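Rule-based calculations on the coordinates, nothing more; no lab input. In this text the structure is predicted, and so the values were computed from the model without any measurement. A quick note on method: Cβ atoms are made from the backbone with ideal geometry, for glycine too, and the neighbour counts reach across all protein chains shown.
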Amino acid sequence: MINKKYVKIGNSPSAIRDLFNYGLEQAKIVGPENVYDYSLGNPSIPAPAKVNETIKWLVDNVDPIKVHGYSAARGNDSFREAIANNLNKRFNLGANPDKICVTCGCIAALTATVMAITDGPDDEIVTIAPFFPAYYGVMGIPRCKLTIVPADFENFQINFDALEEKINEHTRGVIINSPNNPSGVVYTEDTIRKIAALLERKSKEYGYPIYIIADEPYRELVYGDAKVTCIPTIYDNTVVCYSWSKSLSLPGERIGYVCVPDKCENGDDLYWAVVGASSEIGSVCPPSLIQRVVEACIDEMPDLTAYDANRTLLYNSLTEIGYEMAKPDGAFYMLVKCPNGDAKAFSTRAKLEHNLLVVPTDSFGCPGYMRLSYCVSYDTIKNSIPAFKEMYEYYTK
């Protein structure tokens with residue numbers, strides 16, 4: 001028998017991918033300059049020059065068996081040491097290379113972490129809206145429950161009364177995604193300290209640790225004076241999940257990690273559970289070449305000039321038209337309120353009338369809003385503004 005659950009998952013449409021594919025087809029008909037595609041969070045700035053230089057050097061100068069052969073199951077020792085050194089230098093994290101597990105991207109890191117801290121369908125992982133819909137899939141393998149805290153629509157920080165209501169004796173972890181996908185909002189240090197205090201109290205009440213799962217693929221993408229708080233320095237029972245997809249513009253290379261800081265309660269067992277879970281889902285012996293590349297480029301930082309210019313142009317233009325939104329301080333997303341209150345209808349009309357591709361965020365826990373991925377060309381944003389204006393006027397006239 002074929003597993004019907006996975007047939008359904010594999011055959012399920014994705015709003016983001018459907019919009020992206022529609023844009024590709026329309027570009028053939030009307031020209032790519034006339035399609036305004038804000039659907040996919042695919043980095044549009046190239047990887048730092050050192051990345052390509054390192055790839056070329058490795059291919060030309062290192063034994064190909066070592067470059068392309070299997071790595072260690074949990075990642076090369078030297079790479080894990082480089083990750084720990086980077087975290088300790090930048091955040092004083094106290095990271096231990098023997099408690100870092102290299103994974104095939106951040107979703108694999110999240111999945112392994114959730115598998116490690118849950119043990120049955122009654123266990124719950126809490127997430128705060130808005131959130132990335134892939135979290136539903138992350139819960140599928142351990143078959144635990146995803147519990148959703150409604151969004152704080154005023155500031156897109158956290159509704160703490162709602163969060164406390166959702167935490168119960170089945171709660172095993174809380175996912176914190178900052179900078180956030182889809183809002184681009186960075187949780188303030190005050191917000192993080194409030195979460196820590198709440199979870200410390202609840203952990204004591206229930207007699208076991210409730211872990212924070214820090215989902216941080218956008219950690220380096222922040223603008224102006226915004227600062228991403230290093231959660232493990234505030235809350236000991238934090239597991240960090242990371243990927244270089246965004247910071248080094250390497251989404252296709254699928255490389256990330258799980259870091260279990262030494263202060264984590266039950267940290268040794270938790271770490272080895274992550275390693276075991278990684279093996280079970282096939283996120284083991286991560287790609288050798290890209291491990292060596294990122295190890296050499298571990299201190300490289302992204303040039304955010306283009307993203308920041310895009311963010312400023314889009315935010316100023318849309319707010320001038322009359323759109324309401326959370327001001328993004330990080331990542332490359334903008335969460336915008338649809339003037340008609342129906343994001344799916346807005347997205348459909350924008351697509352068919354203007355080749356303007358925006359993602360309705362009902363599945364992100366924010367109905368009535370749309371996500372704009374502004375990792376596009378500056379000209380795309382500039383040329384799309386009249387379409388946004390026509391859409392706004394259509395629904396507000």
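Only Cα pairs under 8 Å and at least 6 apart count here; give the relative contact order of segment 50-296 as a rounded whole percent.
On the way: 463 pairs, mean separation 73.4, N = 247.
After rounding, I find 30 percent.
Could you work out how far helix 106-117 tilts from the main Cα principal axis of the chain, as a 0 to 90 degree angle to the nearest 10? Taking Cα atoms only, the helix is inclined about 50 degrees. Just checking the listed ones, D362, D268, D225: in the Gaussian network model of the chain with Cα springs under 10 Å, the one fluctuating most is D225. With a 10 Å cut-off between alpha carbons and a GNM built on the chain, which of P121, P150, P287 moves the most? The residue that fluctuates most here is P121. Between T319, T380, T171, the GNM of the chain built on Cα springs shorter than 10 angstrom shows T319 fluctuating the most.
Taking 15 Å as the straight-line reach from the Cα of K344, the aspartates and glutamates in range (excluding those fewer than 8 positions away in the same chain) are D18, E353, D362. Sorting 5-12, 200-207 by their mean Cβ neighbour count within 10 Å, with the most densely packed peptide first, gives 200-207, 5-12.
What is the magnitude of the charge dipole of segment 110-154 about its Cα centre, with +1 placed on the Cβ of each Lys and Arg, -1 on the Cβ of each Asp and Glu, and no other charges, expressed in debye to the nearest 20?
Working: 2 positive and 6 negative charges, 43 e Å.
It works out to roughly 200 debye.
Taking Cα atoms only, the orientation of helix 189-206 departs from the longest principal axis of the chain by about 50 degrees. For segment 1-67 versus segment 144-169, the inter-centroid distance based on Cα atoms is 32 Å.
The 3J(HN,Hα) values that the Karplus relation (6.51, -1.76, 1.60; θ = phi - 60°) gives for segment 258-266 are, in residue order, 10, 10, 9, x, 4, 6, 4, 5, 6 Hz. Gly and Pro appear as x.
Round to a whole angstrom and tell me the spacing of the C-alpha centers of segment 320-397 and segment 244-294. Taking the Cα centre of each part, segment 320-397 and segment 244-294 sit 34 Å apart.
Using only helices, what value at 222 nm comes out for the chain when you add -39,500 (n - 2.57) per DSSP H run of length 4 or more and divide by the total residues, to the nearest 500 deg cm²/dmol? The partial results should precede the final answer.
Values: 14 runs with 169 residues, N = 397.
Only helices count here, giving -13000 deg cm²/dmol.
Within the set K56/K263; K5/K351; K99/K227; K99/K327, which residue pairs have Cα atoms separated by over 28 Å? If you can, show how the numbers build up before the last one.
Working: K56/K263 39 Å; K5/K351 31 Å; K99/K227 26 Å; K99/K327 36 Å.
As for pairs spanning more than 28 Å Cα to Cα, those are K56/K263; K5/K351; K99/K327.
Against the chain, whose longest principal axis is taken from its Cα atoms, helix 15-30 shows a tilt of about 50°.
Write down the percent of antiparallel bridges among all DSSP beta bridges whose residues are both part of segment 50-296, to the nearest 5. List each step's numbers first, then the result.
Values: 8 of 26 bridges.
Counting only bridges with both partners in segment 50-296, antiparallel ones make up about 30 percent.
Rounded to the nearest 20 debye, what is the charge dipole size of segment 50-296 about its Cα centre when +1 sits on each Lys and Arg Cβ and -1 on each Asp and Glu Cβ? Please report the intermediate quantities before stating the final value.
Working: 23 positive and 32 negative charges, 118 e Å.
Using only the charged Cβ atoms, the result is roughly 560 debye.
Of the peptides 82-91, 104-113, 247-256, the order by per-residue mean of other Cβ atoms within 10 Å, starting with the highest, comes out as 104-113, 247-256, 82-91.
Going by a ≥ b ≥ c, the root eigenvalues of the Cα gyration tensor, does segment 1-71 fall in the rounded group (a/c under 1.5), the prolate group (a/b larger than b/c) or the oblate group? Can you show the working numbers first?
On the way: a/c = 3.47, a/b = 1.35, b/c = 2.57.
Verdict is oblate for segment 1-71.
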